[in-house]
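Beneath this line is the structure, given in structure tokens, with notes to follow.
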Number of protein chains: 2
Amino acid sequence: MLKVPEHQVAGRQAIDGKLGPLIDNSGHFYKPLQDDDERGTRELTFYHSFSSNTRIPHHIRRFFPVFHGTQLLKASDRSGLRPHLVLQDITSDHLNPSILDIKIGSRTWYLEASNDYIQNCFHRDKTTTTVSLGFRICGLQIYNESGFWKPGRKLVRNFTADDVRSVLRKFVSSNVGPEPDCCFAGSVYGGCDGILERLLELKTWFEDQTMYHFRSCSVLLLFDKESFLRGKTPFAEFKLIDFAHVVDGNGVIDHNFLGGLCSFIKFVSQVLADLKGSTMEDKI
Amino acid sequence: MLKVPEHQVAGRQAIDGKLGPLIDNSGHFYKPLQDDDERGTRELTFYHSFSSNTRIPHHIRRFFPVFHGTQLLKASDRSGLRPHLVLQDITSDHLNPSILDIKIGSRTWYLEASNDYIQNCFHRDKTTTTVSLGFRICGLQIYNESGFWKPGRKLVRNFTADDVRSVLRKFVSSNVGPEPDCCFAGSVYGGCDGILERLLELKTWFEDQTMYHFRSCSVLLLFDKESFLRGKTPFAEFKLIDFAHVVDGNGVIDHNFLGGLCSFIKFVSQVLADLKGSTMEDKI
């Protein structure tokens, strides 16, 4: 019944006998709790806290995967029974979803971490767009006529600011060549129910909330072209994922996440602005 | 005619034969251009660019000191003639101004800097509130009946989040003891022309502008109690200062400054929120 997720674009994968997440046919995503560090415990603690937190507005809660508790399952690495987080499988209703995994924040390390962890993150942050842009793309797949474009991890890791701009254009285009047409940009990013408006809602919440610091979290952006063409909703949405490093905010806003989110918002809005610019040019 | 600024709370000072800024009696602040590194050149480049940049809105320009060009002056370290930036002396109209110098951003280093510079900044950022709060207080003086409270640099460097909260309350109080009365908070931080509203205007600009990255810049907050009590305006204002590390934004917003600014805004708004809370309690 359980299988390896087909549309995972980043993170540890349950292949070659390794430990990784599994999915079922009922829309559940099973994420193994690791016992070698605090990450699993911290993610479970977060889901417990968040799901019972009455101060989370409804319009913000929808940006998070639904949490269904934990379950003992045979782990994908055949190490036997292991507790798994049972989460909503965000991709389950979609046949060929285009997906971007964007890790938000200009810093992925944190003060309480070990020196080795800090140095590793510090190096990765400097050599990706994390420091320069305040976020980095960790993985992606974009569906087009010829199938999925899914660049390898090394390629993604070396993305520049211009590569990021290009990916955000290709994500909403019918083609993934050097001149993406951005034909879906207005429908996916724009409009009163588009990605941009919802990112702005999330931003407003982050300007105020001091409950959690979302260190090393990602925004998972999903766009299903087929759903869009068939008039099926939602054809585009995003969820926050990966809460293994979330901690108490202690009365301080998550300025690291917020700064990166604002930068990402600017990149998305730039795609729409360029679109308007080019439409203006066509008319002149 | 020239003298050492009386109300400087941070940065290099023109005392004991050292190189530092000077002021005159006509409201000018003379900042020496240093020849031992690129800082002076970069700050001059910024002021030239900014003062001639027609894309800076008027309501944003007022948050920056007026730039009057450069002038050759006898340096304070008696090394002879040296070019100085001629800037607006923000404190000139005030007899006993309370001042906070707040360095904005969770990171003061930058990718192009030398490894030594990065390591120094990285260490300072971790051991002050820069990483945790997204800003740090670099210096302050608060005027009260018994004169100025001006804690030493070591004390300021060791400020915790709670110390910062306390300073922001003392800044708008008639007393600087353990229980500041916050009697000026509504007038200084609140209202449609108060510090908070203006910080929010600055924030809105930072969400959009991709021209400059204000690395290692400070917000200088000034409050003149005597002006306030005499009904003289402006009795409270802020300016951005220290542009020796400003560079081209290259089409990316300054997410580092923006994140820190949002965190600082939350701290200021918390003083007002606590005030409302305590007024409510008084009424109950």
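For the interface of A with B, what's the total buried accessible surface in square angstrom, probe 1.4 angstrom, rounded to the nearest hundred?
The summed interface area works out to 2400 Å².
Quick query: amide H of A:T70 versus all other amide H atoms, modeled in the peptide plane; which residues come in under 5 Å with a sequence gap of 5 or more or a different chain?
The answer is A:V86.
Give me the Kirkwood hydrodynamic radius of the protein assembly as shown, using the inverse of the mean 1/r over all pairs of distinct Cα atoms, in Å to one decimal.
Taking the inverse mean of 1/r over all distinct Cα pairs, the protein assembly as shown comes out at 25.9 Å.
Net charge near B:L95: determine it from the other residues with C-beta under 12 Å of the C-beta of B:L95, scoring Lys and Arg +1 and Asp and Glu -1.
-1
What percent does the relative contact order of region A:98-282 come to when contacts are Cα pairs within less than 8 Å and at least six residues apart?
27 percent
Taking one equal scatterer on every alpha-carbon of region B:1-126, how large is log10 of I(q)/I(0) by Debye at q = 0.10, 0.11, 0.15 1/Å?
Each listed q corresponds, in turn, to -0.38, -0.47, -0.88.
Step through the residues of region B:182-187 one at a time and calculate ³J(HN,Hα) from phi using the Karplus curve (6.51 cos²θ - 1.76 cosθ + 1.60, θ = phi - 60°), rounding each to whole Hz and writing x for Gly and Pro.
Result, ordered by residue: 6, 5, 9, 4, x, 6 Hz.
Could you give the Stokes-Einstein D for region A:22-88 in µm² per second, using the C-alpha Kirkwood radius, 25 °C, 0.890 mPa s?
Rounded to a whole number, D works out at 191 µm²/s.
May I ask you to derive the relative contact order of region B:1-128, considering only C-alpha pairs under 8 Å and at least 6 residues apart, and to give it as an integer percent?
24 percent
Only Lys, Arg, Asp and Glu count, each charged at its Cβ (+1, +1, -1, -1), so figure out the dipole size of region B:22-88 about its Cα centre, rounded to 20 debye.
Here region B:22-88 has a charge dipole of around 300 debye.
To the nearest 20 debye, what is the magnitude of the charge dipole of the protein assembly as shown about its Cα centre, counting +1 on the Cβ of each Lys and Arg and -1 on the Cβ of each Asp and Glu?
Result for the protein assembly as shown is approximately 460 debye, rounded to the nearest 20.
Report, please, the projected area of region A:216-257 averaged over directions, based on the convex hull of its C-alpha atoms, in nm².
Orientation-averaged projected area of the Cα hull: 4.0 nm².
Apply the Karplus parameterisation 6.51 cos²θ - 1.76 cosθ + 1.60, with θ equal to phi minus 60°, to every residue of region A:71-88 and state each ³J(HN,Hα) to the nearest whole Hz, in sequence, with x for glycine and proline.
Per residue, the Karplus-derived 3J(HN,Hα) values read 8, 7, 9, 5, 6, 5, 8, 6, 8, x, 6, 8, x, 10, 6, 9, 10, 5 Hz.
What length, rounded to one decimal in nm, is gained on full extension from A:V4 through to A:L95, with 0.36 nm per residue of separation minus their alpha-carbon distance?
Computed gain between A:V4 and A:L95 is 31.2 nm.
Want the number for B:E179 to B:R12: 0.36 nm per residue separation, take away the alpha-carbon distance, what's left?
So the chain would gain 56.9 nm between B:E179 and B:R12.
How many percent of all Cα-Cα pairs in region B:98-282 sit more than 20 Å apart?
Of all Cα-Cα distances in region B:98-282, 55 percent exceed 20 Å.
Subtracting the Cα-Cα distance from 0.36 nm times the residue separation, let me have the gained length for A:S49 to A:K74 in nm, one decimal.
Working it through step by step, the gained length comes to 6.4 nm.
Would you calculate, for chain A, the mean residue ellipticity at 222 nm contributed by helices, counting each DSSP H stretch of 4 or more residues as -39,500 (n - 2.57) and dividing by all residues, to the nearest 500?
Mean residue ellipticity at 222 nm (helix-derived): -10000 deg cm²/dmol.
May I ask you to derive the relative contact order of region A:22-88, considering only C-alpha pairs under 8 Å and at least 6 residues apart, and to give it as an integer percent?
Once normalised by length, the contact order is 41 percent.
Which helices, taking whole DSSP H runs in chain A, have alpha carbons extending 30 angstrom or more along the helix axis plus mean Kyte-Doolittle at least -0.5?
Once both thresholds are applied, what remains is A:255-283.
Cα centroid distance between region A:137-190 and region B:166-198, in Å?
With region A:137-190 and region B:166-198 each reduced to a Cα centre, they are spaced 49 Å.
The values are calculated or read from the model by the stated rules, or taken from the named source; none is laboratory data. Everything numeric here is computed off the predicted structure, so don't read it as measured data. Cβ coordinates were reconstructed from backbone atoms using ideal geometry, including for glycine residues, and neighbour counts include every protein chain displayed. Keep in mind that these areas ignore ligands, DNA and RNA; they rest on the heavy atoms of the full protein, side chains included. Shrake-Rupley method; radii C 1.70, N 1.55, O 1.52, S 1.80 Å.
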